[in-house]
Amino acid sequence: MGTMSRKSLVTLFVLAALAILPPIFLWAGNAFYLDLATRLVILAIAAVSLNLILGYGGMASFGHAAFIGIGAYAVGIPAYHNTYGEFDLVASYNGMFQIFLAVGITAVFALITGVICLRTKGVYFIMITMAFAQMVFFMFVSLEVYGGDDGLVIDTRSEFPLINLDNPLHLYFLSFGSLVAAMLIVRTITRSQFGMVLQGSMGNDERLVSLGYNTFAYKLTAYVISGAMCGYAGALLGNFTTFISPEMMGWTRSGELMFMVILGGAGSTIGPVIGSALFVLVEELFSSYTIYWHLPFGIMLLAVVLFLRRGLLGVISGSGKNEGH
Amino acid sequence: MQPLLKISGLMKSFGGVNATDDVNLEVKKQELHAIIGPNGAGKTTLISQLCGTLKPDAGTIEFEGRNITTIPAYKRAGLGITRSFQITSLLLAMPVLNNVALAVQARDSHSFRFIRAAHKISRIRDAALAALEQVGLQNRASDNTATLSHGEHRQLEIAVALASNAQLMLLDEPMAGLGPNESEKMIELLRELKGTHTILLIEHDMDAVFALADRISVLVYGKIIATGTPDEIRSNDAVRHAYLGEE
Ligand SMILES: Nc1ncnc2c1ncn2[C@@H]1O[C@H](COP(=O)(O)OP(=O)(O)O)[C@@H](O)[C@H]1O
Ligand SMILES: [Mg+2]
């Protein structure tokens, strides 16, 4: 009980800071920090979504960046066609429509790939999720219409009633509200009967099967929810950067997401948010000192993974402990 | 009377090892049927085929007259078959209560319920607590499962089997690694369950087997070499020779 309330205190503190500080930065004339916070909050949604399957289901997806990428292109492609014509079926600036596309397509993509990926466990699961993400990556590289690997500029952001995403504060609070909603969704799901089964299958899949649970169906459902949520984050990210390219879904981004979850604390609501905050701040700090910031960052990544070795292994072995049948 | 469980011509081999070698066995309703046999005889392999986590190479398994040989494992639980594990396979990261609650929850047609917090559903909670009480673990309900002793883990395995409300319990060496006192407790517990459940008990502890079983089957190198009442088994020459270690 004591640790529970301490966790909620940390959660409240972090959320309060995210609600109050960024607008203050903006009013103090430091718009850069609002940008940083927006990026942080959007990445946090993706990390929260990954945490649903990684932290509560033991599924170490190394392909979550693909969902971000698909979500971003679900904003970019309709906007592109609305500006330059053709493909009238999807051409639109309508934010509701774009988000519907982002969530719908990533959900279907998660369903199809999940059926295959979830037949494997442990290291194989990591590798096959990564392989699917790379497939999506190369698909967008080869799509010359949308700039290939040069990417695509989104010249008009998603349009919504009442809010205007060209206003940085509107974009920030849409993202922040979405993060809070994502956290609430994950929190509710993981405490529900469904969540119990999901966590149970992470602990011991064979036990759950012999109790009568078709654990495959439960894990697949979680995977689809997670993918769709991550696709939503991608739609926000597209609106934030207004430039999308296959690089958004490179395997390094998937690795970074995993890092955020594990560093911050897999299996807790606020953990991935803390992990994202740390990631964004560290990235900012290093990249302002040196253009080779990936190197020190890589070393740090390694150190964290080694330092939290048991955590990482625990997650992987949690899903790889039992043989298939 | 039709047996609750009927195994015919069951075969399973791993490489060259015949772990299950033409096993024929009937378990009657309400009986406690024990299977004894040396290590490596194929007892756990048999259980795994009954609960569906291992596919037999040949033969059939009938439950209540219905052929279940190819039914997936997760569906057999719904038909009324539950198992306990020889090597404790509890959810160590969860509280004790959750281990049992998951078994209670599994009786529902599905658990695709996403909104209500599971621990607030009193129907599940109460049934789980009742099962814990039956094995004497009610005071440990909210403790972390990892902190329980080995003996308590074995008791919890039974509570989970109880909570799943199955007709047929497959218990794989519930007394493995227990001290004399704990064994005594477990025998008492199994004696209580005997009246209400059909039990296929795999056990190494001969005292326990002869005290509890209605019938005993002896498994050696995957083959059942004898089936009978405890007295018949005790006086069976082949069994004494092959297993009980007497000349
Ligand atoms: N998954 C497996 N792969 C290969 N051999 C196995 C496997 N499971 C069991 N065996 C072999 O089958 C035989 C029976 O094992 P088991 O059923 O565990 O025996 P028991 O439970 O009676 O001690 C042993 O020789 C064992 O080595
Ligand atoms: Mg065994």
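Per-residue 3J(HN,Hα) values for the stretch A:60-71, derived from phi via the Karplus relation 6.51 cos²θ - 1.76 cosθ + 1.60 with θ = phi - 60°, read 8, 6, 9, x, 5, 4, 4, 5, 4, x, 4, x Hz in sequence order (x marks Gly and Pro). This model, with +1 at the C-beta of Lys and Arg and -1 at the C-beta of Asp and Glu, gives the protein assembly as shown a dipole about its Cα centre of some 860 debye.
When each full DSSP H helix of chain B is screened for a Cα extent of at least 18 Å along its own axis and an average Kyte-Doolittle hydropathy of at least -0.5, the helices passing are B:122-135, B:150-163.
Across every pair of non-identical alpha carbons in the stretch B:88-166, the mean reciprocal distance, once inverted, gives a Kirkwood radius of 12.4 Å. What the phi angles of the stretch A:200-212 give under the Karplus curve with 6.51, -1.76 and 1.60, with θ = phi - 60°, is a coupling list of x, 6, 5, x, 6, 5, 5, 4, 5, 5, 6, 7, x Hz, glycine and proline written as x. Sorting B:69-80, A:255-266 by average packing, meaning the other beta carbons within 10 Å per residue, from highest down gives A:255-266, B:69-80.
Peptides B:215-226, B:114-125 ranked from most to least packed, by the mean per-residue count of other Cβ atoms within 10 Å: B:215-226, B:114-125.
Gyration tensor over the Cα atoms of the stretch B:12-108: the corresponding equivalent ellipsoid has semi-axes (square roots of 5 times the eigenvalues, largest first) of 25, 18, 14 Å. Inter-chain neighbour count for B:111-123: the average number of beta-carbon atoms from partner chains within 10 Å of each residue's beta-carbon is 5. Between the listed residues A:G151, A:F173, A:C117, the Cα displaced farthest toward the positive end of the dipole of the stretch A:3-317, a dipole computed from Cβ unit charges relative to the Cα centre, is found at A:C117. What the Cα convex hull of the stretch A:3-317 gives, in volume per residue, is 140 Å³. Quick check: the angle from helix A:309-320's long axis to the longest principal axis of chain A, C-alpha only, nearest 10 degrees? The angle comes out near 70 degrees. Separation of the stretch B:77-119 and the stretch B:39-58, taken as the distance between their Cα centroids, equals 22 angstrom. Taking amide H as placed 1.01 Å from N in the peptide plane, B:A58 has its amide H under 5 Å from the amide H of B:M11, each at least 5 places away in sequence or on another chain. Between the amide H of B:K223 and those of B:D21, distances stay under 5 Å, these residues lying 5 or more places away or on another chain, with hydrogens modeled in the peptide plane.
Please pull out the direction-averaged projected area of the stretch A:65-208, using the convex hull of its alpha-carbon atoms, in nm² to one decimal place. Reported value for the Cα convex hull: 10.8 nm².
Shape call for the stretch A:36-122 from the C-alpha gyration tensor, a ≥ b ≥ c root eigenvalues: rounded (a/c under 1.5), prolate (a/b greater than b/c) or oblate? Cα axes put the stretch A:36-122 in the oblate bin. Between the listed residues A:G76, A:S245, A:F259, the Cα displaced farthest toward the positive end of the dipole of chain A, a dipole computed from Cβ unit charges relative to the Cα centre, is found at A:F259. Looking at the protein assembly as shown, the DSSP beta bridges with both ends there are about 60 percent antiparallel. Enclosing the Cα atoms of chain B in their convex hull gives a volume equal to 134 cubic angstrom per residue. Our summary gives chain A a relative contact order of 33 percent, counting only alpha carbon pairs under 8 angstrom and 6 or more residues apart. For B:G42, the shell of other residues with beta-carbons less than 13 Å away shows a net charge of -1, using +1 for Lys and Arg and -1 for Asp and Glu. Relative contact order for the stretch B:92-165: 51 percent, from Cα pairs under 8 Å spaced at least 6 residues apart, divided by residue count.
Shielding of peptide A:198-205 by partners, expressed as the average count of other chain Cβ atoms within 10 Å per residue Cβ, is 5.
Counting Cβ atoms of other protein chains within 10 Å of each Cβ in B:70-77 and taking the mean gives 4. Rank B:A242, B:V104, B:G37 by how far each Cα sits towards the positive end of the charge dipole of chain B (+1 on Lys, Arg Cβ; -1 on Asp, Glu Cβ) and give me just the farthest. Projecting each Cα onto the dipole axis, the largest value belongs to B:V104. Whole-Hz Karplus values for the stretch A:6-23 come out as 5, 4, 5, 4, 4, 4, 4, 4, 4, 5, 4, 4, 5, 7, 9, 5, x, x Hz, taken residue by residue from phi with 6.51 cos²θ - 1.76 cosθ + 1.60 and θ = phi - 60°; glycine and proline positions read x. Convex hull volume per residue, computed on the Cα atoms of the protein assembly as shown, equals 179 Å³.
Sorting the segments A:213-225, A:163-175, A:16-28 by their mean number of nearby beta carbons within 10 angstrom, highest to lowest, gives A:213-225, A:163-175, A:16-28. Which value in nm describes the separation of the simple spin-label points at A:V145 and B:D57, placed 7 Å from the Cα toward the beta carbon? Taking the two extended label points, one gets 5.6 nm. In terms of other Cβ atoms within 10 Å, B:L162, A:L50, A:L101 run from fewest to most in the order A:L101, B:L162, A:L50. Residues A:Y93, A:Y292, A:Y80 in ascending order of nearby Cβ atoms (within 10 Å, fewest first): A:Y292, A:Y93, A:Y80. Relative contact order (percent) for chain B, with alpha-carbon contacts under 8 angstrom and 6 or more residues of separation? About 27 percent, as a whole number.
Throughout, read-outs are computed from the coordinates displayed, never taken from laboratory work. Just so you know, these numbers come straight off a predicted model, no measurement behind them. For neighbour counting, all protein chains shown are included, and Cβ atoms are generated from backbone atoms with ideal geometry for every residue, glycine included.
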